[in-house]
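First, the structure itself, so that you have it in front of you.
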């Protein structure tokens, strides 16, 4: 499920997915920055350019190259601002394509042993009126495609065992 909302000039994308793995297994996978490339569409040319620790930690800076449009790759710098083991972590853009990017990753153990994963991304597009047009024309569509790809990839990885 992917949901978009807009409030006070900020866009919010929310997703939920149940994974057929324990909370520990889900946390081990998602809190490891090097796994992000595995769940990002190949055509984006996503590449981590910094050294990364095996596990995310508060204060960690991660740099990437990412294709936002065909033939256009940008540098993107995020910081892991907060981590609570096996519960959530937050990354925020420090430099990149957005005026603001705040991504919350939440994990909940379900009674049946599965894990509910929720993402909440609050973001703001630069360039005023032109940014609003870009959001309507392609940014929202691109983000939806990225998170649909991620959903489908995770279904194969964790739910079709």
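Give the stretch 1-40 a look and list any residue that's in contact with a strand residue (DSSP E or B) (Cβ under 9 Å, 6 or more places away or on another chain) and in a loop (DSSP other than H, G, I, E, B), or say none.
1, 9, 20, 21, 22, 31, 40
Looking at the structure I just gave you, is residue 44 over 28 Å from residue 159 (Cβ atoms), surrounded by 13 or more Cβ atoms within 10 Å (Cβ to Cβ) and under 14 Å from the mean Cα position of the chain (by Cα)?
no
Taking the stated definitions as given, is residue 160 closer than 21 Å to residue 1 by Cα and free of Cβ contacts under 8 Å to residues at least 40 places away in the same chain?
Numbers: closer than 21 Å to residue 1 by Cα: yes; free of Cβ contacts under 8 Å to residues at least 40 places away in the same chain: yes.
Here the answer is yes, as residue 160 does meet what is asked.
Whether any residue in the stretch 125-146 is outside any helix (DSSP H, G or I), over 15 Å from residue 10 (Cα atoms) and in contact (Cβ under 8 Å) with a residue 12 or more places away in the chain is what I want to check.
No, the stretch 125-146 contains no residue that is outside any helix (DSSP H, G or I), over 15 Å from residue 10 (Cα atoms) and in contact (Cβ under 8 Å) with a residue 12 or more places away in the chain.
Condition check ((1) farther than 26 Å from residue 115 by Cβ; (2) at pLDDT below 95; (3) in a loop (DSSP other than H, G, I, E, B)) across all residues:
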| position | (1), (2), (3) |
| --- | --- |
| 51 | yes, yes, yes |
| 54 | no, yes, yes |
| 79 | no, no, no |
| 86 | no, no, yes |
| 94 | yes, no, no |
| 104 | no, no, no |
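Against the conditions (1) touching a residue at least 60 places away in the same chain (Cβ under 8 Å); (2) in a helix (DSSP H, G or I), where does residue 113 fall short? Just the number, please.
Only one criterion in (1) touching a residue at least 60 places away in the same chain (Cβ under 8 Å); (2) in a helix (DSSP H, G or I) is unmet by residue 113, namely (2).
What residue, among those in the stretch 106-139 that are surrounded by fewer than 17 Cβ atoms within 10 Å (Cβ to Cβ) and under 18 Å from the mean Cα position of the chain (by Cα), is modelled with the lowest pLDDT?
138
Does residue 118 count as out of contact with any strand residue (DSSP E or B) (no Cβ under 9 Å at 6 or more places or on another chain) and in contact (Cβ under 8 Å) with a residue 12 or more places away in the chain?
Taking the combined requirement at face value, the residue does not satisfy it.
The values are calculated or read from the model by the stated rules, or taken from the named source; none is laboratory data. It should be emphasised that the depicted structure is a prediction, and the values quoted were computed from it without experimental measurement. Note that each Cβ is placed from the backbone with ideal geometry, even for glycine, and that neighbours are counted across all protein chains shown.
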